[in-house]
Every structure is written in C-alpha cells, then in structure tokens.
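Here's the structure, in structure tokens; my notes come after.
The values are calculated or read from the model by the stated rules, or taken from the named source; none is laboratory data. Quick caveat: nothing in here was measured; it's all calculated off a predicted structure. Ideal geometry is used to build each Cβ from the backbone, glycine not excepted, and the neighbour counts take in all protein chains shown.
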Amino acid sequence: MDTEPSPPRREFTGAAALRNLKVAATTLRVLMTMNQLLWHVAHTRPRCEKKLAEYCGREGLMVTLPCYRTMHKYRGKTVTFQKPLFPGYVFLQLLTHQRQKVYQSDYVANLLDVPDQDLFAQQLGDILLALETDLEVRLAPQISPGTRVKIKSGPLRGLEGWVEQREGTTLVLLRLDFIAQAAAVKIDATELEMI
C-alpha cells in the first residue's frame, strides 16, 4: 500500500511569527487610539485662547483653559478679568478624527501631541485644583531647579511641587513639563515638607 505524502504544513516560527505579532499589535494600538480621548496641546495664535475654547465648546470638543482672576481699577471701578494662566496654550481631549476640526478654526497655530498622557493629566489636574482654591496662583514662566516638596496641609494637601524662595515668600511651582511652564502658588513654609 502506497501512501501519498501530505503537503507540507506552513508553520509560523521565529522571525515570521514575530513579524506577524508586531503587525497585529500595531494594528490593535491604532484601532484603540482611534476610539480613545487623548490630550493635545493647541498652540494658539496671539490672544486667541478664549476664542479657541469657545469654538471647541460649540463644536462639542472637550477643552480645558486654565484661567486666573486679575483685578484692575478704572476710574474708581474695580473690574475683574479671567486671564489664561498659560498664554498661547489651550488643552484639548480629542479623538483622532477630531483633530481636523480643531485645525479648521483660524485660532490654532499648531496642535501638539502629548507623549506621556498620564503625567500630563496628573500635572494639569494639580494646576486646576490649585485654581479652584482661594490661593494666589500665577504664571511662573521659568522653571528653575529647587527643592521638591509635598504640601502637607491646607486646600492643596498632598500635591507635590518644587520650591523657589523669593524675598521671604515661598512659591511652590506646579509644573506642566510638556510646555515647560509652571503655575506658582504662594504657600506658607510651615505647610511644606521635603520629599
């Protein structure tokens, strides 16, 4: 009895299997990010932060524009303004297909991808929390090296930052590393502990 040999089976071993796994993983990552809100930083045209935030709100996009209060006196009247904490920047959470809608506005100079989503969200959340308190928060345009601290009491208890000492007042810098800027919060030194 003569048996006919079966055709050779195709086996994926070694480099071919690894290549197929990499292609599958890349495809899965692309599909997952298409349906996931990701942080982006919109670098705006000069003095267009609020206009971009309003546009994004009308278009149903998730927008964050940290603002602080400032007061000016005009002819005996005190007027309160909301000014962007980070001039020239608006923070957006977008799906991949929504990026084009942002570019359609005349207010955006560039839309930047945020590589470390978790760190960015945590740092921005700390700054937004500080803005909700009665503490004085302002832009600290230069991040200078200092002592890292944790706030141990008060409304910002548990937040971490870096200290900069100026003329007896202690400033804690809440950093937003991606745009190399920080918000400075005035805190009494007794409320800080070194990390």
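If I ask for residues that are charged (D, E, K, R) and part of a loop (DSSP other than H, G, I, E, B), which ones from the stretch 89-118 would you list?
Asp106, Asp116
Filter the stretch 171-191 down to the residues that are over 25 Å from the mean Cα position of the chain (by Cα) and not acidic (Asp, Glu), then identify the one that is modelled with the lowest pLDDT.
Only one residue tops the list, namely Thr190.
Could you grab the pairs with beta carbons closer than 6 Å, sequence gap of 6+ or different chains, first residue in the stretch 25-44 and part of a helix (DSSP H, G or I), second one modelled with pLDDT of 60 or more?
Between residues of the stretch 25-44 that are part of a helix (DSSP H, G or I) and residues that are modelled with pLDDT of 60 or more, the close pairs are Met34/Thr96.
Exactly one of these conditions fails for Leu139: (1) surrounded by 14 or more Cβ atoms within 10 Å (Cβ to Cβ); (2) part of a helix (DSSP H, G or I). Give me its number.
(2)
Can you confirm whether Gln82 is farther than 26 Å from Lys186 by Cβ and either modelled with pLDDT under 95 or out of contact with any Phe, Trp or Tyr (no Cβ under 7 Å at 6 or more places or on another chain) (or both)?
Considered against the rule, which asks whether it is farther than 26 Å from Lys186 by Cβ and either modelled with pLDDT under 95 or out of contact with any Phe, Trp or Tyr (no Cβ under 7 Å at 6 or more places or on another chain) (or both), Gln82 comes out as no.
Scan the stretch 113-128 and give yes if some residue there is surrounded by 15 or more Cβ atoms within 10 Å (Cβ to Cβ) and over 16 Å from Val41 (Cβ atoms), otherwise no.
Yes, the conditions are met somewhere in the stretch 113-128.
Which residue is nearest to Leu129 (Cα to Cα), if the candidates are limited to the stretch 48-79 and must be exposed (fewer than 12 other Cβ atoms within 10 Å of the Cβ) and hydroxyl-bearing (Ser, Thr, Tyr)?
It comes out as Thr70.
Please go through the stretch 90-108 and give me each residue that is modelled with pLDDT of 95 or more and touching a Ser or Thr at 6+ places or on another chain (Cβ under 7 Å), ordered by number.
Val90, Phe91, Tyr107, Val108
Looking at Tyr55 and the list (1) assigned to a strand (DSSP E or B); (2) farther than 21 Å from Ile127 by Cα, which single condition is not satisfied?
For Tyr55, the exception is condition (1).
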